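Below is one structure, written out as structure tokens; comments come after it.
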Amino acid sequence: MNRRSYRLEEIAHLVKGEYFGEKDFQIFNLASLEKAHNHHICFVNGEKYLAQAEVSQAGVYIVTESLKQLLGSKKNFIVVNNPYLAFATLTHIFDKKISQRGIESTAKIHPSAIIADDAYIGHHVVIGENCVVGNNTIIQANVFLDDNVEVGKDGFIDANVSITGEAKLKDRVRIHTNTSIGSEGFGFAPYQGKWHRIAQLGSVLIGNDVRIGSNCCIDRGALDDTILEDGVIIDNLVQIAHNVQIGQNTAIAANCAIAGSVRIGKNCIIGGGSAVAGHLNIADNVTLTGMSMVTKNISEAGTYSSGIGLFENSHWKRTVVRLRQLADVPLTQLTKRLDHMQAQLESLESTLKLRK
Amino acid sequence: MNRRSYRLEEIAHLVKGEYFGEKDFQIFNLASLEKAHNHHICFVNGEKYLAQAEVSQAGVYIVTESLKQLLGSKKNFIVVNNPYLAFATLTHIFDKKISQRGIESTAKIHPSAIIADDAYIGHHVVIGENCVVGNNTIIQANVFLDDNVEVGKDGFIDANVSITGEAKLKDRVRIHTNTSIGSEGFGFAPYQGKWHRIAQLGSVLIGNDVRIGSNCCIDRGALDDTILEDGVIIDNLVQIAHNVQIGQNTAIAANCAIAGSVRIGKNCIIGGGSAVAGHLNIADNVTLTGMSMVTKNISEAGTYSSGIGLFENSHWKRTVVRLRQLADVPLTQLTKRLDHMQAQLESLESTLKLRK
Amino acid sequence: MNRRSYRLEEIAHLVKGEYFGEKDFQIFNLASLEKAHNHHICFVNGEKYLAQAEVSQAGVYIVTESLKQLLGSKKNFIVVNNPYLAFATLTHIFDKKISQRGIESTAKIHPSAIIADDAYIGHHVVIGENCVVGNNTIIQANVFLDDNVEVGKDGFIDANVSITGEAKLKDRVRIHTNTSIGSEGFGFAPYQGKWHRIAQLGSVLIGNDVRIGSNCCIDRGALDDTILEDGVIIDNLVQIAHNVQIGQNTAIAANCAIAGSVRIGKNCIIGGGSAVAGHLNIADNVTLTGMSMVTKNISEAGTYSSGIGLFENSHWKRTVVRLRQLADVPLTQLTKRLDHMQAQLESLESTLKLRK
């Protein structure tokens, strides 16, 4: 936590909002509505949080104009069009920044590597031949950059990350702890009952503003490169196999697996726990809900789903029994047969009536 | 492996059981029924293991009173109420303990950090500003504790673990290799087609006796903290997103993903490969079977399931065809229509009979 | 990348193929059909790549005899029976090899450990008591080998890997970055509402030519060992629980979870994102398609599947409604009832005709 405090007027200026109330009110921190104290600032992200806001102890509320009208009991406000965005901006004000610069004495850096003067290289970092680390980039403890890896400026590589495969990262890239970038793709030629390893000669290209979580794997390509375009954001424990290409600003939630040579378009949202089979194409602006299983190309924007949600266990067991029978039930014919028999019945009935 | 041996009488005492047979019989190790040699001790966990016990070469058997009656051919026993619990206890007797204490010369520890005298800090460990490491805690090689991280007493942090986000761990916490605690949660505000990163200001609170496996991710909270209560146990490759709260003694098996702000109650068991969507509540004493997908709150204790088990591939393909038709089949009406037509038929039949 | 170039004749000799065209044609690198330049060599893996080959700029094509006939516009070829295998072979020619040998000054190696003279031990590696590292094995930066771990010859252990639990690795084993081998299995005895930890006394045995990807977990056994037989290949983010046994040459794709005590046979292929419940047996030569969920033994070779592929979201929602009704629909009786009623109808019809 940043220890300095801010006045209401200052914060309003930082988020380009208008303040109402005591302009010199001291704000020590951002907080949730539930946990806020008097000198904390909160945001109200829509009417569904009004009840929580009413009982909150916070001193200041970031709201829209219309939400302000509904919070008559409160005194200090900052009015903006998008409170969530203002909150996102403020988190950076109150975030503790890493101020260290220079190279720790225990880091081992190959003489051919080029490290910007204002970068920080933490303890026990190992940096190989011909590596480049750009201005203002932070590399935390125990990171390994293998030969020919390049990291651009304003980057953040957290502890115990391994970057190999001659990966090239552009600017403002963030990689969290224990992630593996550039490992060998899973490529084997089966021959005479054995797997013959295919050495992977491609690399990994990571665009500007890409964010990769902890314990992820982004493999290097077999011949061409694995590519994450600008603005891609990836949660934890995600697998990106060799030769995958992911378009700008696509977001991938935790525990997804994207198999080899998949191409995902721009602005997609891939729900957590989803898997995409190899060599498929997914169009721009596709949303997959959680635990989706993609086995065919998706050529149109839209929302797609798979998987069955939760059942009470005994209901589930009976459902599974029925599912196993389903293959042999001619579903589409059932209704047709019923309609046909209904017609026969009615014809019989009218025949009988005629003969009365 | 601990190299000393124990006498039958000693072991019986350690597990609070009664011994039968040769009280000075030497026991060198615990073993499975299948692999045991003469001076090994085994446990018999119910009648279904009797056949295996009969042919086992083990010298001593941990059994219940009734199991003992069924193993007439054996000589040495320890009788207890709960053989599995006795076995759990004995594993600690035969486990090799880490006896090292003190700080290795290559560890880099900030002068403001407080390290207990009888802790062990392995090679190349990096410990930041204001960190605390409690009595008798073992920190293995290449671990990174970022500024303000605290680890209680009797803890075990295995190699290459990264703990950031000012996480606070209580006593007897065990974290296995390559796990990430306190990484930044996956929080972004979408605005004008881009993702605006929300710096995460919350932390991670980990209770007493919590166990976290290898290559897991426990993210720090956005504003409030991510909380694992006392006695929570977590297997490998598990994702716990920001602001999740997990109640006492809940167990989570491998490869699960718990999305942001989920609250899971006490004494739950979450089967492997399950995923829980964001902002949901799960009651106490809920069991989810493997690969469950939770998309709604669970307000009652019980066992829940989802996912379909395995089909032979061609059966599965035909089933999937039917499933895709299912949305347009009015299942609940089918039976009603059949019943209705049956009634019509019977009415026609009786009409015909009357007119004979 | 290896910087030297090869002549067409040389390459043909290396892959045991026959060359056609200019025998001294210089080849600088392997490439994909799409990205190849004039002095690159490509492979054509079947007729479906002919159109791409036609427009490729590559100087040389590895093809079968019949594919060569179909590429009349090209000049230089290498003809082999299996172009994919020839490609696999060539990747090793163009791969950059690690040439370093010896022990870096910052590595910390217990005096009782035995390290082969021509092994390479990278910076900040920590190697415990009684460890063994065989001839020509490469251990990259920041790796931790706990006491009694053994690695055979010609191995490759990439950065930030942790090997504990007295694991024994045979020859030519490759382990990629941030993987955990030998961590404690997830074993707890429940008693009086708490989980009592079972210290894990077994180990991990890894056969010759095994390949394990990045951020995987292979836990040590409880009493007996976890065993990966010769030639097993494993992708990234895979969980192998305690006491699992995996037969020769079985391949496991990314994000799979194999629960405790499972036995998988030889030559199996486990699709990505699959999970196998504990204590099950899977026969030899079983293929599971992606995201399979195995809850019963598989005793016969074959291909098995589970999970439902993707639906457009509104179609999916309607399908899920039907699925929840399915348990109460007597599917197998529906057709029988329809047949029965059809017979009744026809009987009525003929009765009516007779009475005309």
Return a yes/no flag: does segment A:178-193 have any residue that is of a type in the set (S, T, N, Q), under 25 Å from C:Lys97 (Cα atoms), buried (at least 24 other Cβ atoms within 10 Å of the Cβ) and over 22 Å from the mean Cα position of the chain (by Cα). no
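Conditions (1) under 30 Å from A:Phe20 (Cβ atoms); (2) surrounded by fewer than 23 Cβ atoms within 10 Å (Cβ to Cβ); (3) charged (D, E, K, R); (4) more than 14 Å from chain C (Cβ to nearest Cβ), marked per residue:
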{"residue": "A:Val79", "(1), (2), (3), (4)": "yes, yes, no, yes"}
{"residue": "A:Asn82", "(1), (2), (3), (4)": "yes, yes, no, yes"}
{"residue": "A:Gly102", "(1), (2), (3), (4)": "no, yes, no, yes"}
{"residue": "A:Lys108", "(1), (2), (3), (4)": "no, yes, yes, no"}
{"residue": "A:Asn135", "(1), (2), (3), (4)": "no, yes, no, yes"}
{"residue": "A:Asn142", "(1), (2), (3), (4)": "no, no, no, no"}
{"residue": "A:Val151", "(1), (2), (3), (4)": "no, no, no, yes"}
Hits in segment C:298-355 (condition: facing chain B (nearest Cβ under 8 Å) and aromatic (Phe, Trp, Tyr)): C:Tyr304, C:Phe311
So for segment A:324-335 (the condition being without any contact (Cβ under 8 Å) to a residue 24 or more places away in the chain, within 22 Å of B:Val321 (Cβ to Cβ), over 17 Å from the mean Cα position of the chain (by Cα) and assigned by TED's automatic domain parsing to the domain that holds A:Glu229), does at least one residue qualify? no
Qualifying residue in segment A:37-51 (condition: small (Gly, Ala, Ser) and surrounded by 21 or more Cβ atoms within 10 Å (Cβ to Cβ)): no
Within segment C:88-97, restricting to residues that are assigned to a helix (DSSP H, G or I) and facing chain A (nearest Cβ under 7 Å), the one that is surrounded by the most Cβ atoms within 10 Å (Cβ to Cβ) is C:Ala88
When A:Asn255 is evaluated against the numbered criteria (1) farther than 21 Å from C:Ser274 by Cβ; (2) without any contact (Cβ under 8 Å) to a residue 60 or more places away in the chain, which criterion, by number, is the only one it fails? (1)
Evaluation of C:Gly290 against (1) crowded, with 22+ Cβ neighbours inside 10 Å; (2) small (Gly, Ala, Ser); (3) at pLDDT below 90 (one fails), failing number: (3)
Considering only strands (runs of 3 or more DSSP E) wholly within segment C:169-283, the ones with at least 1 residues that are under 19 Å from B:Gly290 (Cα atoms) are C:188-191
Given (1) free of Cβ contacts under 8 Å to residues at least 40 places away in the same chain; (2) more than 9 Å from every other protein chain (Cβ to nearest Cβ), index of the condition A:Gly260 fails: (1)
Can you name the condition, by its number, that B:Arg324 falls short on among (1) in contact with a Phe, Trp or Tyr (Cβ under 9 Å, 6 or more places away or on another chain); (2) surrounded by fewer than 20 Cβ atoms within 10 Å (Cβ to Cβ); (3) in a loop (DSSP other than H, G, I, E, B)? (3)
Residues of segment C:156-177 that turn out to be within 14 Å of chain A (Cβ to nearest Cβ), crowded, with 24+ Cβ neighbours inside 10 Å and more than 20 Å from B:Asp95 (Cα to Cα), as a count: 9
Of the residues in segment B:284-304, those that are at positive phi and in a loop (DSSP other than H, G, I, E, B) number 2
Within segment B:1-47, residues being in contact (Cβ under 8 Å) with a residue 40 or more places away in the chain and of a type outside the set (S, T, N, Q) number 18
Suppose we filter segment A:127-149 for residues that are outside any loop (DSSP other than H, G, I, E, B) and out of contact with any Leu (no Cβ under 7 Å at 6 or more places or on another chain); how many remain? 6
Selection from segment A:6-36 of residues among the small types (Gly, Ala, Ser), more than 14 Å from chain B (Cβ to nearest Cβ) and part of a loop (DSSP other than H, G, I, E, B) yields A:Gly17, A:Gly21
State all residues of segment C:37-77 that are charged (D, E, K, R) and touching a Lys or Arg at 6+ places or on another chain (Cβ under 9 Å); if no residue qualifies, say none. C:Glu54, C:Lys68, C:Lys74
So is C:Gly17 at pLDDT below 95 and more than 28 Å from A:Ala167 (Cα to Cα) or not? no
Over segment A:334-346, the set of residues at pLDDT 85 or above and surrounded by fewer than 16 Cβ atoms within 10 Å (Cβ to Cβ) is A:Lys336, A:Asp339, A:His340, A:Gln342, A:Ala343, A:Glu346
Pick from segment A:194-220, criterion polar (S, T, N, Q) and crowded, with 24+ Cβ neighbours inside 10 Å, ranking: farthest from the other protein chains (Cβ to nearest Cβ): A:Asn215
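For every residue, the table says whether it meets (1) at pLDDT 95 or above; (2) more than 15 Å from A:Asn255 (Cα to Cα); (3) surrounded by fewer than 24 Cβ atoms within 10 Å (Cβ to Cβ).
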residue	(1), (2), (3)
B:Val244	yes, yes, no
B:Gly247	yes, yes, yes
B:Ala253	yes, no, no
B:Gly272	yes, no, no
B:Ala283	yes, yes, yes
B:Asn297	yes, yes, yes
B:Tyr304	yes, yes, yes
Output yes when any residue across segment C:225-238 is within 28 Å of B:Asn208 (Cα to Cα) and away from chain A (no Cβ under 11 Å), and no when none is. no
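The values are calculated or read from the model by the stated rules, or taken from the named source; none is laboratory data. No experiment lies behind these values; they were computed from the predicted model shown. Note that we place each Cβ from the backbone using ideal geometry, even for glycine, and neighbour counts take in every protein chain shown.
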